[in-house]
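This report concerns only the one structure given below.
The values are calculated or read from the model by the stated rules, or taken from the named source; none is laboratory data. As the structure is a computational prediction, the values presented were derived from the model and not from experiment. Counting neighbours? That spans all protein chains shown, and the Cβs are built from the backbone with ideal geometry, glycine included. What goes into the accessible areas is simple: the full protein's heavy atoms, side chains included, and nothing from ligands, DNA or RNA. Shrake-Rupley method; radii C 1.70, N 1.55, O 1.52, S 1.80 Å.
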Amino acid sequence: MHAHDVDIARYEQRYKDGYDALRRERLERMKQLGLVAPDTPVFEGHPSWPKWDSLSEAEKASEARRMAVYAAMVDNMDQNIGRMLDYLKKTGQLDNTFIFFLSDNGADGNSVYDVARTREWIHKDMDNSIAHIGKSGSYAEYGPGWAQVGSTPFRLYKSFMYEGGIAVPAIAWGPGVKRGAVKGAMAHVTDIAPTLYELDGTRHPGTEYQGKPVLPLRGKSMLPYLQGKAVALRGEAETVGWELGGRKALRKGEWKIVFSNAPWGSNDWELFNIAEDRSESRNLAASNPQKLGEMLVAWRDYVRETGTLEISGLADRPGDSNGARYYEDLKYEATLEPRAAR
């Protein structure tokens, strides 16, 4: 993470209260804005991760600095999106532009340190002393504690198929889009292409283009939904599936099944009613075996249609610690002095 000093300075005090305080603040604001139900439970982090109060003062300072740098990066991105919009307005193109903005797949608490000999290289060559984080010559990340805050109120983060790893905010703006509305129906990244095709008045070629086979579209145009002409994108019988690194999920209507390896999940399929339990706090697999069986049939159909590979034990591959070693590195880096002073 790297950012300009002037942008970092705006957030230097913002994150010093820690994970729990920021999580509560964000959740309350989300409730006030109507983004989540008033009774939504919140996932407060995996027991593998230490609580804020258990960190040393130096570790807290390092953590607060890391999140300040990340916030500065987002701030800088916002500034430049604003510059782009100003340019489109000045050149008379803004009213003829469709903008769809979305995050990547969840906040990221995974550690690049775990890849090959990256940890050795960072400790040897980079300066991650507290005041230097975010500057040239540093190589820092914000870890699982802040990632879970970023996923509030959802469970876990990027690389998991729980909502914290796949449900992201999105903003749509453009001709015909109903403005000022907060909409909650599920859309999928595969819906973007069909939306753009419809806006452009063109069609996907189907299964063949210029004599060569192409994959058919799986998504649906979001335009009727964004224009307020439809209440949802998918019917109760339609499915959307996910698989990444051996972790899997499938959504059908308001129901969802998730498979995640231990200790992050149960090492078996879990069942959730997303309409009633968006933060996936109640596994209904044991109490509703009929619905679980129905969902597993739908999963097998998805695997067959897409060619998804199911490799036993893939999620337990070496080096996939999902941030478990992050706090070892934090403890070490919080003690560092700037390189010039060593």
**Fill in**
Dividing the surface of the Cα convex hull of the stretch 198-240 by four yields a projected area in nm² of 4.1
**Prompt:** Dimensions of the stretch 209-342 along principal axes (Cα, Å, largest first)?
**Reply:** 63, 49, 35
**Distance (nanometres) between label positions extended 7 Å along Cα→Cβ at Lys229 and Glu310** = 3.9
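At 0.36 nm per residue, minus the direct Cα-Cα distance, what do Lys331 and Gln79 gain on full extension? Give it in nm, one decimal, please. Present the calculation step by step, with values, prior to reporting the outcome.
Numbers: separation 252, 0.36 × 252 = 90.72 nm, distance 3.37 nm.
Taking Lys331 through Gln79 to full extension adds about 87.3 nm, to one decimal.
What fraction of the Cα pairs in the stretch 36-174, stated in percent, has a spacing above 26 angstrom? Walk me through the numbers before you get to the answer.
Numbers: 3816 of 9591 pairs.
In whole percent, the long-distance tail amounts to 40.
Sort Lys124, Lys60 by heavy-atom solvent-accessible area, probe 1.4 angstrom, most to least. Walk me through the intermediate numbers first.
Working: Lys124 140, Lys60 35 Å².
Result, largest first: Lys124, Lys60.
Let me check I have the definition right: for the stretch 267-338, take the eigenvalues of the Cα gyration tensor, multiply each by 5, take square roots. What are those semi-axes in whole Å, largest first? If you can, show how the numbers build up before the last one.
Details: eigenvalues 272, 73, 22 Å².
Computed over the stretch 267-338, the values are 37, 19, 10 Å.
Just order 140-150, 282-292, 17-27 by mean Cβ neighbour count inside 10 Å, highest at the front, would you? Provide the component values of the computation, followed by the final result.
Details: 140-150: 24.5, 282-292: 13.8, 17-27: 17.2.
Highest mean packing first, the order is 140-150, 17-27, 282-292.
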**Prompt:** Bin by bin, in steps of 20 Å, what percent of the Cα pairs in the chain do you find, going until the bin that has the longest distance?
**Reply:** 25, 55, 20, 0
**Prompt:** What shape does the stretch 168-243 have by the C-alpha gyration tensor, where a ≥ b ≥ c are the square roots of the eigenvalues, rounded means a/c under 1.5, and otherwise prolate means a/b greater than b/c and oblate the rest?
**Reply:** oblate
**Item:** Dipole of the stretch 190-342 [Lys/Arg +1, Asp/Glu -1 at C-beta], most positive-end residue of Gly246, Gln210, Thr335
**Value:** Gln210
**Message:** Could you give the length gained by full extension between Thr97 and Glu28, i.e. 0.36 nm per residue of separation minus their alpha carbon distance, to one decimal place?
**Reply:** 21.4 nm
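With a 1.4 Å probe and all protein chains in place, put Arg14, Arg304 in order of accessible area, largest first.
Values: Arg14 100, Arg304 165 Å².
The residues order as Arg304, Arg14, largest area first.
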**Item:** Label point at Arg14 placed 7 Å out along Cα→Cβ; residues across the stretch 62-103 whose backbone nitrogen lies under 16 Å
**Value:** 63-82
**Prompt:** Can you list the equivalent-ellipsoid semi-axes of the stretch 78-160, largest first and in whole Å, using the square root of 5 times each Cα gyration tensor eigenvalue?
**Reply:** 34, 20, 11
**Complete:** Ignoring ligands and nucleic acids, Lys178 exposes an accessible area, probe 1.4 Å, in Å² to the nearest 10, of 120
**Message:** Heavy atoms of the protein only, probe of 1.4 Å, neighbouring chains included. What is the accessible area of Trp264 in Å², nearest 10?
**Reply:** 20
**Request:** Can you sort Val69, Val182 by 1.4 Å-probe accessible area, starting with the largest?
**Result:** Val182, Val69
**Asked** About its Cα centre, what dipole magnitude does the chain give when the only charges are +1 on Lys and Arg Cβ and -1 on Asp and Glu Cβ, stated in debye to the nearest 20?
**Response** 660
**For His4, solvent-accessible area (1.4 Å; no DNA, RNA or ligand), Å²** = 110
**Asked** Taking 0.36 nm per residue of separation and subtracting the Cα-Cα distance, what length does fully extending Glu254 through Ala167 add?
**Response** 29.9 nm
**Item:** 21 Å tail of the calculated P(r), the stretch 1-106, as % of Cα pairs
**Value:** 57
**Asked** Across the stretch 243-254, in residue order, what do the Karplus-derived ³J(HN,Hα) couplings come to in whole Hz, using 6.51 cos²θ - 1.76 cosθ + 1.60 with θ = phi - 60° and x for Gly and Pro?
**Response** 8, 8, x, x, 9, 9, 7, 8, 10, 9, x, 8
**Complete:** One checks the Cα atoms of the stretch 133-194 and finds Rg and Dmax, in Å, of 16.1, 46
